[in-house]
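Some notes on the structure that comes next.
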Amino acid sequence: MSDASDQVGLVADSLLRIEMELRQLGLWDEEPPPPEAMQSTQPFCVDTLEFTQWIQFVFVERMKVIIENDHPLPAVSGIAPMAEEHFRSRPESGVGLIRELEEIDRLLSGN
């Protein structure tokens with residue numbers, strides 16, 4: 001197994017843990033947002049989606065497509081700081097989710 005396929009496996013596992021954390025927080029949506037919400041040009045779709053919706057419907061979905069189609073993984077990721085900011089003003093701690101996002105940032109950025 002090459003380093004690249006090792007990395008893909010680790011990223012896929014991390015995506016599953018991100019989904020589990022969102023579910024445990026009660027922030028996993030069964031219904032996708034309307035298509036127009038996904039058309040935002042803002043980073044993280046901040047004007048149309050909750051940050052956790054962006055993780056679920058944009059980040060996780062895009063990463064699954066990348067992995068399934070054997071495309072190269074993004075070489076940089078910086079989602080955890082956004083998550084810290086998001087949860088700062090929320091009743092949920094989000095600590096587990098932030099930890100998983102730090103892990104995927106590390107895996108993708110190669111640190």
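The values are calculated or read from the model by the stated rules, or taken from the named source; none is laboratory data. Just so it is clear, the structure is predicted and the values come from calculations on it, not from any experiment. Please note that ligands, DNA and RNA were not included when accessible areas were found on the heavy atoms of the full protein model with its side chains. Shrake-Rupley method; radii C 1.70, N 1.55, O 1.52, S 1.80 Å.
Some notes on this structure:
- Carbon and sulfur %, accessible surface of segment 1-59 computed with the full protein complex present, 1.4 Å: 55 percent
- Kyte-Doolittle at least 0.0, axis length at least 15 Å by Cα - qualifying DSSP helices, the chain: 95-109
- With contacts taken as Cα pairs under 8 Å at a separation of at least 6 residues, the chain carries a relative contact order of 32 percent.
- Residue-normalised accessible area of the chain, given per residue in Å² at a 1.4 Å probe: 60 Å²
- HN-Hα J in Hz across segment 38-47 - Karplus 6.51, -1.76, 1.60, θ = phi - 60°, x for Gly and Pro: 7, 8, 4, 9, 7, x, 6, 6, 4, 8
- Option label - volume of the Cα convex hull per residue in Å³ computed here, alternatives [x] 119; [y] 110; [z] 140: [y]
- Computed over the chain with a Gaussian network model linking Cα atoms closer than 10 Å, the most mobile of 36, 21, 100 is 36.
- Largest GNM mean-square fluctuation among 42, 24, 56, using the chain with Cα springs under 10 Å: 42.
- The chain: most fluctuating residue of 55, 79, 18 per GNM, C-alpha cutoff 10 Å: 79
- Inter-part distance where segment 35-62 and segment 76-91 are each reduced to a Cα centre, Å: 14 Å
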